[in-house]
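Comments concern the structure below.
The values are calculated or read from the model by the stated rules, or taken from the named source; none is laboratory data. Since the model is a prediction, treat every value here as computed from it, not as a measurement. Cβ placement follows ideal geometry from the backbone for every residue including glycine, while neighbour counts extend to all protein chains displayed. Surface accessibility is based on the protein's heavy atoms, side chains included, excluding ligands, DNA and RNA. Shrake-Rupley method; radii C 1.70, N 1.55, O 1.52, S 1.80 Å.
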Amino acid sequence: AVVSTQSGHYGRGIPLNTSLVKYDNPVLVSRTTDKKAPRKSPQHSPAPGVPSSSKGSKLPPVDGKSQQTEEILNAILPPREWTEGGHLWVQQVSSTPATRLDVINLQEQLDMRLQQRQARETGICPVRRELYSQCFDELIRQVTINCAERGLLLLKVRDEIRMTIAAYQTLYESSVAFGMRKALQAEQGKTDMQKKIEELEEDKMDLERQVNELKAKCDAIEKREAERRVVEEKKHAEEIQFLKRTNQQLKTQLEGIIAPSKK
């Protein structure tokens, strides 16, 4: 059965290439899970369900430059490893030069996967970042095959971009943590402030009650003093009237005594 190189599984569940980076067919490195087996001379057994190369069983001659390119590619994009049924499989990045059609297919695959995975067009989107990172790795692979120095320079650019993004991510996470702490502190401060407001409201109500009581006492004292003053004024007026009458009587009596003596 013909197996796609973009998605799905190889034969018995061996994972296929789900990345935009182009990989060679996986090879069987060891029939045990011991990863200490020599990896420089893997058994070039095709994965179950993967058709063999159409060029025959002979491998193309590998010169020094091609071997150096493969080493650089493996350093830039390390081979993928997995185990299946106790077998260790290794899949190295492809060293086949890319054509114009490969670039067009890469762009189509990128657009298709962005749409399939519903990546956001703007803002922060991990899916979009992952897909564009894979696309950039594939471009580095294509450039490295034609010019290793240019590929290494692009690798530095890629690492610098990743380091910058990681720094921004760390800064973002720290700012989010700082914001959360401030929000918790503000919430705690809000609770304390509400409690203090309630206490002040109780104190205010208590003081208002005391003010009302004092006002009532003051009104009662004023009323009592006003009544007492009225009583005192009335009593004083009565005494004055009594003294006036007494004085008039005494005056009349005195005039009556003095008048006969003059005769």
At 1.306 mPa s and 10 °C, Stokes D of the range 59-176 from Kirkwood alpha-carbon radius, µm² per second: 96
Unit Cα scatterers, Debye sum, the range 141-263: log10 I(q)/I(0) for q = 0.11, 0.18, 0.19 Å⁻¹: -0.82, -1.05, -1.08
The range 123-193 - Kirkwood radius from inverse mean 1/r over Cα pairs (Å): 15.1
Surface accessible to a 1.4 Å probe, per residue, for the residues of the range 161-204, Å²: 89
Euclidean distance of C-alpha centroids, the range 198-263 and the range 62-131, integer Å: 111
Of all accessible heavy-atom area on the range 159-258, the percent that carbon and sulfur account for (1.4 Å): 60
Estimated vicinal HN-Hα couplings, Hz - the range 233-242 in sequence order (Karplus 6.51, -1.76, 1.60; Gly, Pro = x): 5, 5, 5, 5, 5, 5, 5, 5, 4, 5
Derived scalar couplings ³J(HN,Hα) [the range 72-77; Karplus, 6.51 cos²θ - 1.76 cosθ + 1.60; whole Hz; x for Gly, Pro]: 5, 4, 5, 6, 6, 10
Pairwise label distance in nanometres, Gln248 with Glu160, each label 7 Å out on the Cα-Cβ vector: 12.5
Derived scalar couplings ³J(HN,Hα) [the range 172-179; Karplus, 6.51 cos²θ - 1.76 cosθ + 1.60; whole Hz; x for Gly, Pro]: 5, 5, 5, 5, 5, 5, 5, x
Candidate aspartates and glutamates - alpha carbon under 17 Å from Lys196, same-chain residues fewer than 8 apart omitted: Glu187, Asp206
For the range 64-146: accessible area per residue (Å², 1.4 Å): 59
